[in-house]
1. Test residue 58 against the stated conditions and say whether it is β-branched (Val, Ile, Thr) and surrounded by 14 or more Cβ atoms within 10 Å (Cβ to Cβ).
2. Residue 57 - would you say it is out of contact with any Cys (no Cβ under 9 Å at 6 or more places or on another chain), touching a residue at least 40 places away in the same chain (Cβ under 8 Å) and part of a helix (DSSP H, G or I)?
3. Looking only at residues in segment 60-95 that are small (Gly, Ala, Ser) and not in a helix (DSSP H, G or I), which one is nearest to residue 26 (Cα to Cα)?
4. Suppose we keep only residues that are surrounded by 14 or more Cβ atoms within 10 Å (Cβ to Cβ) and either aliphatic (A, V, I, L, M) or out of contact with any Ser or Thr (no Cβ under 9 Å at 6 or more places or on another chain) (or both) within segment 42-52. Which one would you say is nearest to residue 78 (Cα to Cα)?
5. Name the residues in segment 1-29 that are assigned to a helix (DSSP H, G or I) and of a type in the set (Val, Ile, Thr), would you?
6. Of all residues in segment 30-54, how many are within 30 Å of residue 95 (Cβ to Cβ) and assigned to a helix (DSSP H, G or I)?
Amino acid sequence: MDGILGGSIGAMVGVIGGVLGTYLAYRNTKSDGERALVVRGAIAVWTGVLVFVVLFLVVPAPYKHFLWIPYVVLLILGIRIWNQKQLQLREDHES
């Protein structure tokens, strides 16, 4: 019972954090191009996390733990690409 409760609370905190992060990313945009980037990025991230969670639930152990490798690599690459595009959009908007 404690595992179910802890998992449920952890999932709720994760979703609330994701929603708050998505909202703040959108609110802090400075141009229409940035807003479009945030919307596309949010859709990609939410979809990726959902696919990861579903796969983690259906792939049997010990293989499910290998899912972390592409998840972390794609997350790091996605963050770098997102930041570069957002910086470029801000520079274009300010000039």
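1. Numbers: β-branched (Val, Ile, Thr): yes; surrounded by 14 or more Cβ atoms within 10 Å (Cβ to Cβ): no.
Answer is no for this residue.
2. On the way: out of contact with any Cys (no Cβ under 9 Å at 6 or more places or on another chain): yes; touching a residue at least 40 places away in the same chain (Cβ under 8 Å): no; part of a helix (DSSP H, G or I): yes.
Criteria not met by residue 57.
3. Step one: list which residues in segment 60-95 are small (Gly, Ala, Ser), which gives 61, 78, 95.
Filter again for not in a helix (DSSP H, G or I), leaving 61, 95.
On the way: 61: 37, 95: 21 Å.
This residue is 95.
4. At the first step, the residues of segment 42-52 found to be surrounded by 14 or more Cβ atoms within 10 Å (Cβ to Cβ) are 42, 45-46, 48-49, 52.
Those left that are additionally either aliphatic (A, V, I, L, M) or out of contact with any Ser or Thr (no Cβ under 9 Å at 6 or more places or on another chain) (or both): 42, 45, 48-49, 52.
Details: 42: 11, 45: 9, 48: 11, 49: 13, 52: 15 Å.
Out of the qualifying residues, it is 45.
5. Filtering segment 1-29 for residues assigned to a helix (DSSP H, G or I) gives 2-27.
Across segment 1-29, the qualifying residues are 4, 9, 13, 15, 16, 19, 22.
6. Keep residues of segment 30-54 that are within 30 Å of residue 95 (Cβ to Cβ), which gives 30-45.
The next check asks that each one be assigned to a helix (DSSP H, G or I); those that pass are 32-45.
The qualifying residues number 14.
So that you can scan it fast, the table gives a plain yes or no per residue for (1) over 19 Å from residue 11 (Cβ atoms); (2) modelled with pLDDT of 95 or more; (3) in contact with a strand residue (DSSP E or B) (Cβ under 7 Å, 6 or more places away or on another chain):
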| position | (1), (2), (3) |
| --- | --- |
| 57 | no, no, no |
| 62 | yes, no, no |
| 73 | yes, yes, no |
| 82 | yes, no, no |
| 94 | yes, no, no |
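The values are calculated or read from the model by the stated rules, or taken from the named source; none is laboratory data. Quick caveat, the model's predicted, so the values are computed rather than measured. Counting neighbours? That spans all protein chains shown, and the Cβs are built from the backbone with ideal geometry, glycine included.
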